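To keep things clear, I will list the structure first and then write my remarks on it.
The values are calculated or read from the model by the stated rules, or taken from the named source; none is laboratory data. The shown structure was predicted, so the numbers you read here are calculated from the model rather than taken from an experiment. Backbone-built Cβ (ideal geometry, glycine too); neighbour counts: all protein chains shown.
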């Protein structure tokens, strides 16, 4: 992703204008669209009995010096051999984030190597990675506890069980793309959102949870959408393509209630209903700092989140090496201005159908048609990614198989 000099994270924010300027600097870092990144999450299971709970001690034994400090405070948290970092979600879901690359092919190669290393570490203690976007075997249960996670659980519990399902049972695939040059930001921002519903539908893998069919193609996204619209609804909506993304995002950030309020001790539960905008207006004893604002942003989970780059958060985890296909499709769709505009035009009519995509997947005719058109567009652009021949051929064939399945269903 585009980088910038380190910012002072401890500046006191005296007013909303200062907060707006900070968000513009850290969330929309413009420059040539060069880098692509990927973050992969999986549920973790016992090889012999995938419904058996996995405890923290077993995960520590597997990950060793790569354990995140949330699992082992004394861990050096060493990167994997190709630079990937390992983190754990509250339910013990394992995430690998490899450094962004200028080449999609290089990113795939490095990520595959890091995943192979993780698989080896897990296999040594009889564990394996899951294959879907939600745990198909176990009910939600905490594995990693921190003050942040406890505060999240308390807040989410006020709205129902979806928060615990999200925290302890879901696994996603996140693709990270540069924001682009200043004159490209609006188009890339709108397209990243618009293609979300058809891409969610096309790669939904989360229909079973805790031993039962859920009635959703993506029960993972269903959980996210049910948590709290103020922090999980899309930031962009159809009809607002010309709106300034920074202004839209700032309103979203200011309007979201605090999820955690960091303080000494183990209780980070915030005062009920206090938004970051309220904090700026003096609702709490001390004014917020830029670091507080950055932390608040980390507790917002829209389908597309600006973090200096665009983090596309709407894909379910994929089985085995299946993650390469949506990564390559999105890389191809965002290869240049022409593909971005074409992808937006295809998707704009269904850009609002998030819940339908999560519920019905590709059984919805409009979403299936949009997904097929996006796959066609991606296939045309795929050669421009410069993938190694073998990787290109495997991904090309994988996209064609998915496209053929859509066409058969349409008949």
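For this structure, a couple of remarks:
- Sole residue being buried (at least 17 other Cβ atoms within 10 Å of the Cβ), on the phi > 0 side of the Ramachandran plot and under 18 Å from the mean Cα position of the chain (by Cα), chosen from 92, 84: 92
- With respect to the conditions (1) within 25 Å of residue 332 (Cα to Cα); (2) out of contact with any strand residue (DSSP E or B) (no Cβ under 7 Å at 6 or more places or on another chain); (3) surrounded by fewer than 24 Cβ atoms within 10 Å (Cβ to Cβ), residue 141 lacks only one, and its number is (1).
- Residue satisfying all of: in segment 233-250; surrounded by 14 or more Cβ atoms within 10 Å (Cβ to Cβ) and part of a helix (DSSP H, G or I); nearest to the chain's Cα centre (by Cα) among these: 249
- On inspection, residue 86 passes the criterion of being within 28 Å of residue 147 (Cα to Cα), at pLDDT 95 or above and assigned to a strand (DSSP E or B).
- Helices (runs of 4 or more DSSP H) fully within segment 328-411 that include at least 1 residues being touching a strand residue (DSSP E or B) at 6+ places or on another chain (Cβ under 7 Å): 354-360.
- Given (1) more than 24 Å from the chain's Cα centre (by Cα); (2) surrounded by fewer than 18 Cβ atoms within 10 Å (Cβ to Cβ); (3) over 19 Å from residue 14 (Cα atoms), number of the condition residue 282 does not satisfy: (3)
- One residue stands out in segment 251-266 among those that are touching a residue at least 60 places away in the same chain (Cβ under 8 Å) and assigned to a helix (DSSP H, G or I): the one that is surrounded by the most Cβ atoms within 10 Å (Cβ to Cβ), namely 253.
- Condition check for residue 123: in contact with a helix residue (DSSP H, G or I) (Cβ under 9 Å, 6 or more places away or on another chain), within 21 Å of residue 312 (Cβ to Cβ) and touching a residue at least 24 places away in the same chain (Cβ under 8 Å): no
- Note on segment 34-48: residues that are buried (at least 22 other Cβ atoms within 10 Å of the Cβ) and under 20 Å from the mean Cα position of the chain (by Cα) total 7.
- With respect to the conditions (1) touching a residue at least 12 places away in the same chain (Cβ under 8 Å); (2) more than 25 Å from residue 329 (Cβ to Cβ), residue 185 lacks only one, and its number is (2).
- In the set (1) closer than 22 Å to residue 29 by Cα; (2) touching a residue at least 40 places away in the same chain (Cβ under 8 Å); (3) within 20 Å of the chain's Cα centre (by Cα), residue 298 fails one condition alone, (2).
- Flag if residue 111 is closer than 20 Å to residue 387 by Cβ, in contact (Cβ under 8 Å) with a residue 60 or more places away in the chain and surrounded by fewer than 16 Cβ atoms within 10 Å (Cβ to Cβ): no
- A count restricted to segment 194-225 and to residues that are touching a helix residue (DSSP H, G or I) at 6+ places or on another chain (Cβ under 8 Å), in a strand (DSSP E or B) and more than 12 Å from residue 132 (Cα to Cα) stands at 0.
- Residue 72 being modelled with pLDDT of 95 or more and part of a loop (DSSP other than H, G, I, E, B): yes
- Leading residue by the ranking (surrounded by the most Cβ atoms within 10 Å (Cβ to Cβ)) among those in segment 144-182 that are in a helix (DSSP H, G or I), touching a helix residue (DSSP H, G or I) at 6+ places or on another chain (Cβ under 6 Å) and in contact (Cβ under 8 Å) with a residue 60 or more places away in the chain: 166
- Single residue of 372, 366 found to be free of Cβ contacts under 8 Å to residues at least 40 places away in the same chain, in contact with a helix residue (DSSP H, G or I) (Cβ under 8 Å, 6 or more places away or on another chain), more than 24 Å from residue 102 (Cα to Cα) and surrounded by 20 or more Cβ atoms within 10 Å (Cβ to Cβ): 372
- Of the residues examined, residue 269 is not one that is crowded, with 17+ Cβ neighbours inside 10 Å, touching a residue at least 12 places away in the same chain (Cβ under 8 Å) and under 30 Å from residue 196 (Cβ atoms).
- Residue that is surrounded by the most Cβ atoms within 10 Å (Cβ to Cβ), among those in segment 49-69 that are touching a strand residue (DSSP E or B) at 6+ places or on another chain (Cβ under 6 Å) and assigned to a loop (DSSP other than H, G, I, E, B): 54
- Output for segment 363-408, where each listed residue is under 22 Å from the mean Cα position of the chain (by Cα) and within 27 Å of residue 107 (Cβ to Cβ): 370, 371, 374, 375, 378, 395, 399
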